[in-house]
Protein chains: 2
Amino acid sequence: MEGNASSPDPRPHVVILGGGFGGLAVARGLADTKARITLIDRRNHHLFQPLLYQVATAGLSAPSIAAPLRQILRGQANVTVLMDEALDVDLAQRRVTLGHGSLDYDALVVATGATHAYFGHDDWERHAPGLKTLDDAFTIRRRVLLAFERAEREDDPAQRRAWLNFVVVGGGATGVELAGTLAEIARHTLPREFRRADPRHANVLLVEAGPRLLPAFAPELSDKAQRQLEKLGVEVRLGTAVTRIDDQGVVLGDLPHAARTVLWAAGVAASSLGRRLGAPLDRAGRVLVEPDLSVPGHPEVFVIGDLASVTQPNGKPVPGVAPAAKQMGRYVAATLKARWQGKPVQPFRYRDDGSLATIGRMAAVAQFGRLKLSGLLAWWVWLIAHIAFLIGFRNRLVVMLDWAWAYWTYQRHARIVTGTDETPTLPRDA
Amino acid sequence: MEGNASSPDPRPHVVILGGGFGGLAVARGLADTKARITLIDRRNHHLFQPLLYQVATAGLSAPSIAAPLRQILRGQANVTVLMDEALDVDLAQRRVTLGHGSLDYDALVVATGATHAYFGHDDWERHAPGLKTLDDAFTIRRRVLLAFERAEREDDPAQRRAWLNFVVVGGGATGVELAGTLAEIARHTLPREFRRADPRHANVLLVEAGPRLLPAFAPELSDKAQRQLEKLGVEVRLGTAVTRIDDQGVVLGDLPHAARTVLWAAGVAASSLGRRLGAPLDRAGRVLVEPDLSVPGHPEVFVIGDLASVTQPNGKPVPGVAPAAKQMGRYVAATLKARWQGKPVQPFRYRDDGSLATIGRMAAVAQFGRLKLSGLLAWWVWLIAHIAFLIGFRNRLVVMLDWAWAYWTYQRHARIVTGTDETPTLPRDA
C-alpha cells in the first residue's frame, strides 16, 4: 500500500488507530505539518458518543450524531482515511497489521477506546445489550419498542407485566440517562397509543452495585440525581449486585426480578489492542503510559483516550470522557511537532472542564470545580454544551429541532423498529 | 384476544392487514363509524415508499420517511394496532391466523402489498438487493458506501475498477432514481474525500430489458429521462437482458460486466397472502377482484393496493402506485359505510392524478393527462408533491432542510454505515 515506508517518502508517517475524539484530535492537530497521516477506523464514521443513548431511546436518528470521517477530514490533504481493522502492532518493525495489508509507521497513536464488559459473564450480553456503537443503539431501541408491542399483544397478565418491566444495570452516566429516558417514554410518549397494555404501568428499575449513583460526581449531586430520577418514576436500588441475567429477567442478590428487557451500563473494558503493545496494563486493561502518553520504551508509540491509564498529580486517574480524549489527542499532536522541531516537551496535564450528566426532562446535574448545579439550570447547561460540541452545522440544527419538538410534543421521532435479533426474521411478505 | 368475535360486542369488527397507504386509508376512512378496527402490520411503522431510495442513497435518515403506526392512529379510539404477522385467512370461519393467536372478522381488508421478485433467480437476491423496506435501504446504503471504501483500500487496478462499477437492473422509477443518485454521489459528493481511488471514475450502468425507460410514461418522456440520466453520467443500456448475477458482477446477454455492487429494481411480485384467498390471480400473483374490490364470492373480504389486480374501463390496469392504494382504501371505507346503511355502492373508479419520476439534481419527468413536463420544472413539482404527502410536520421540515442542505453543499448527511451483511462481523474492539 502507498502508506508503506518502503516508499522513499521523507515525510514522517503518522498512523492513527481509531477515529474517536482522541484520534480525530491528533489528525487535526497535525494539519499544518509535513507529516503524512493515515487514520484507520473499522467504521466509516466518527460517533458523538455522549448522545448515543438518545439514538437508543428513539429521540435522535443515527446520522444526527455521526459524521463520515472522510467528510470531517476532507479538507486536510495530508490525511488518508482507511476503513479497516487494526489486528496487531509490531513494535520492533514499526508496523501495524490490518485486516487488509499492513502499514509501516514512524509514529503510532493507538486510540481504539473501550467497549462494555460483562466481568466474566459474557453470556449476559445476549440478554443485556450494552451501548457503545450505533448498532448497539439500534438493538436497544428495537428491544425497548418491541417490549411495549409484545405487552399489547400479550393476554397473560404476568407475561404482560414482564414485558413492561425494564432493568438498567449500572448507575453511571449512561445508566442514569437510559433509565430516566425510559421512564419518560413510558409515562409521556406512549400512553395514548396503546389500547390494552397501559405503558404507564411500566416499571423502570435502575440497579447499582455501589453506594451511590454517578460516582464521578460529588455525593450531594448523586443524591440529587437519584431524587430527580425517582420523581421521573424510576425505581433506584443501590448497593445491589446482579448475580444472574437471562431471558426471563435478572436476579438481584438472590431475589429474582422478572423483566424481558435488561440494558447493560455497568462496566467497560479497554480495547484488546492495548495487550498487543507489551506495556503494563491496569486492572481495566488500560495501558499505563509515560507522562508524555507514550508506551514505556517506545517514545514513537502513543496511547490516548479510554485506552490510556493516566494518573494526575493529585493522584486521581484521568476520567474516560470525551474532553480528556480530545486533550490527549491535541497533546500528542503538539508533542510530535515539538520533537520534529527539537523542542522540549512538558508532561500531559488534564484540565477538568467539569462534568455533566442529564437525567431526563429538565433534570440534570453539573459540576465545575466547586460549582455544583442540578435540575433545570444544569439541564440547560447540558443542552447547550452538547449542541455546541456536535460536529456539523446541519446536525446542530436538526438536533435542536428534534429536542424542541420532543419538548413540546413529548414525541420521539425515531421510534422506528428495523432489523431483527432475538425476534425471528420474518418472510418478505404478509 | 379481545378481538375475537366470541366477545358479544355488537360493533362490526374490521380487520386490516397491512399499514401501507391502502390499509391506513381504510382505517382513517372508518374513523367516524361504530366499527371496531384492528390494524395488523409486522412492522411498527408506516413507510413513505416513494422516498425510500433516498434513505438507500444516504440523503435522508430512516425516521424522516417513516412514522409509527400507533402514533399516526393514536387519536382514533376505534383502532387497535397490533404488530404481528398474518399467516393465513380462513374465509369460511372469517378468521385470520396471526403469528400470535388469531382474529375473527366481520370484514377483512388485505393490503399487504408487493415485494421485489427475481423471476425464478432467487439466488440473485444475495448479490443484487432490492428496495422495499428500510432494512433493504440500509443494505443498499451499506453496499454502495463500502464499495468506495474498498476501492480506496484496493491496490489491484482491476479490482479497484470492479469496486467502482455499479449496475442497476431495471429502468422503472426506482431504477432511474437509484442510478441518477449514484452518479451524483460519485461525481459531486465524494470526490474530494478519497486520496487513492477517484470516485469520479465510478461507472453507473442502468440496464433495462425493455425498449425504453419509465414504461409507465409517454415515450417522449422516456427519451427525456434517458438524456437527463446520461447527462448526469449514467450509462443506459436498453433492450438488454441480465442472464446472470454473482459476486463478480453481471452477465448481459453473454457479455460479462465486472461490478461488485449490483442493485435490483427490475420486478415485483404480489404478497403471498393473495394465494390464501382462493381467488383467481393474475400473472404477477395479484388478486383479480370484483368491481367493488371484493374477493369473488366473499363480499366481506377486500383486496387493495399493490396486491389487487384492477382493470379500468379503458382496459388499462390500475397502476401499483401510492395514490391508487389510497383511493382504493378510501373506496373500501366508503363501501363498508354504505353497506351498513343499506345504501347502494358504485364500482371503484381510479382517478389518475398524474405520474412523477425524479432522475437527479434538477432533473425529473412529470405527466398529468396531456400535460408533460421534464427537467427543472418537473423536478420542482416532484419536490413539492413529495414534501406535501409526507406524514408529519416534523418530517416535512427536516426533509426540506436536508434537501436544501444537499442542494447547496452536495453533501448527503446520512452517509453512515451500520450493520453488516457480506462483510464479516467485526469484533467489538480494535
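The values are calculated or read from the model by the stated rules, or taken from the named source; none is laboratory data. Small disclaimer: the values here were computed from a predicted structure and weren't measured. Using ideal geometry, Cβ is built from the backbone for each residue, glycine included, and neighbour counts are taken over all protein chains shown. In case anyone asks, the SASA skips ligands and DNA or RNA and just uses the protein heavy atoms, side chains included. Shrake-Rupley method; radii C 1.70, N 1.55, O 1.52, S 1.80 Å.
Inter-copy label distances at B:GLY101, using a point 7 Å along Cα-to-Cβ, come to 5.9 nm with the shortest given first.
Quick one: net charge around B:LEU30, please, counting Lys, Arg +1 and Asp, Glu -1 for every other residue with C-beta under 10 Å from its C-beta. Don't jump to the answer; show the numbers that get you there.
On the way: positive: B:ARG28, B:LYS34, B:ARG36, B:LYS337; negative: B:ASP32.
Here the charged neighbours net out to +3.
Consider a paramagnetic label point 7 Å from the Cα of B:ALA241 along Cα→Cβ; state which residues of region B:113-157 have an amide N under 14 Å from it. Counting only backbone N, you get B:119-121.
The dipole here belongs to the protein assembly as shown: it is taken about the Cα centre, uses +1 on the Cβ of Lys and Arg and -1 on the Cβ of Asp and Glu, and is about 2400 debye.
So what is the calculated 222 nm ellipticity per residue for chain B, using -39500 (n - 2.57) for each DSSP H run with n of 4 or more, over all residues, to the nearest 500 deg cm²/dmol?
Values: 11 runs with 126 residues, N = 430.
One gets -9000 deg cm²/dmol as the mean residue ellipticity at 222 nm.
Projecting the Cα positions of A:ALA27, A:SER374, A:ASN44 onto the charge dipole of chain A (unit charges on Cβ atoms of Lys, Arg, Asp and Glu, taken about the Cα centre) puts A:SER374 furthest along the positive direction. Contact order for region A:272-374, expressed relative to its length and based on alpha carbon pairs under 8 Å spaced 6+ residues apart, stands at 17 percent. The trypsin sites (Lys or Arg not before Pro) of region A:299-405 meeting both criteria, a DSSP state outside H, G, I, E and B (loop) and at most 13 other C-beta atoms within 10 angstrom of the site's C-beta, are A:ARG349, A:ARG351, A:ARG370.
Please get the size of the charge dipole for region A:247-352, origin at its Cα centre, with Cβ charges of +1 on Lys and Arg and -1 on Asp and Glu, quoted in debye to the nearest 20.
Working: 13 positive and 8 negative charges, 97 e Å.
Approximately 460 debye in magnitude.
How high is the relative contact order of chain B, given as a whole-number percent (alpha carbon pairs under 8 Å, six or more residues apart)? Don't skip to the answer; put the middle values down first.
On the way: 852 pairs, mean separation 80.6, N = 430.
Once divided by the residue count of chain B, the mean separation gives 19 percent.
Under 16 Å from a label point set 7 Å out along the Cα-to-Cβ vector of B:ARG351, the amide N atoms of region B:287-322 belong to B:322. Taken over region B:1-94, the alpha-carbon convex hull comes to 112 cubic angstrom per residue.
As a ratio to 2.2 N^0.38 Å, the alpha-carbon radius of gyration for region B:93-241 is 1.34. When chain B is turned onto chain A, its residue with the beta carbon nearest the axis, and that distance in whole angstrom, is B:SER61, 2.
About its Cα centre, what dipole magnitude does region A:26-163 give when the only charges are +1 on Lys and Arg Cβ and -1 on Asp and Glu Cβ, stated in debye to the nearest 20?
On the way: 18 positive and 18 negative charges, 99 e Å.
Using Cβ point charges on Lys, Arg, Asp and Glu, region A:26-163 gives about 480 debye.
Between A:PHE368 and B:ALA404, the simple label model (points 7 Å from Cα in the Cβ direction) yields a spacing of 3.3 nm. With N as its number of residues, region A:352-422 has a Cα radius of gyration that, divided by 2.2 N^0.38 Å, comes to 1.34.
For chain B, what proportion of DSSP beta bridges, expressed in % and rounded to the nearest 5, is antiparallel?
Details: 34 of 66 bridges.
Antiparallel bridges make up about 50 percent of those DSSP assigns within chain B.
A crude spin-label estimate for the pair B:ALA216 and A:ARG11, with each label 7 Å from Cα along the Cβ direction, gives 5.1 nm. What a 1.4 Å probe finds exposed on region A:313-365 is 54% carbon and sulfur by accessible area, rounded to a whole percent. Charged neighbours of A:ARG415, selected by a Cβ distance under 15 Å, balance to +3 (K, R count +1; D, E count -1).
Mean per-residue shielding of peptide A:57-68 is 5, counting Cβ atoms of other chains within 10 Å of each Cβ. Across the options B:LEU263, A:LEU293, B:GLY274, the greatest Cα extent toward the positive end of the charge dipole of the protein assembly as shown (unit charges at beta carbon of Lys, Arg, Asp, Glu) belongs to A:LEU293. Sorting the Cα pairs of region B:225-304 by distance into bins of 10 Å, from 0 upward, gives 15, 28, 19, 21, 16, 1 percent per bin.
Could you work out the local net charge near B:THR189, counting Lys and Arg as +1, Asp and Glu as -1, over the other residues with Cβ closer than 10 Å to its Cβ? Local charge sum for B:THR189: +2.
Other chains near A:36-43: what is the mean number of their Cβ atoms within 10 Å of each residue's Cβ? Before the final figure, lay out the partial values.
Details: counts 0, 0, 1, 0, 1, 0, 5, 4.
Per residue, the average neighbour count from other chains is 1.
Pairs over the 22 Å Cα-Cα cut-off, from the set B:LYS231/B:LYS372; A:LYS224/A:LYS372; B:LYS132/B:LYS326; B:LYS231/B:LYS316; A:LYS316/A:LYS372; A:LYS132/B:LYS132: B:LYS231/B:LYS316; A:LYS132/B:LYS132.
Normalised by 2.2 N^0.38 Å, where N counts its residues, the alpha-carbon radius of gyration of the protein assembly as shown equals 1.00.
Volume of the convex hull of chain B (Cα atoms only), normalised per residue: 159 Å³. Computed over region A:286-430, the P(r) curve from all C-alpha pair distances, binned at 10 Å from the origin, holds 9, 26, 24, 22, 14, 4, 1 percent per bin. Only protein heavy atoms count here; on that basis, with a 1.4 Å probe, A:THR115 has an accessible area of about 10 Å². Counting only other chain Cβ atoms within 10 Å of each residue's Cβ, the peptide A:403-413 averages 3.
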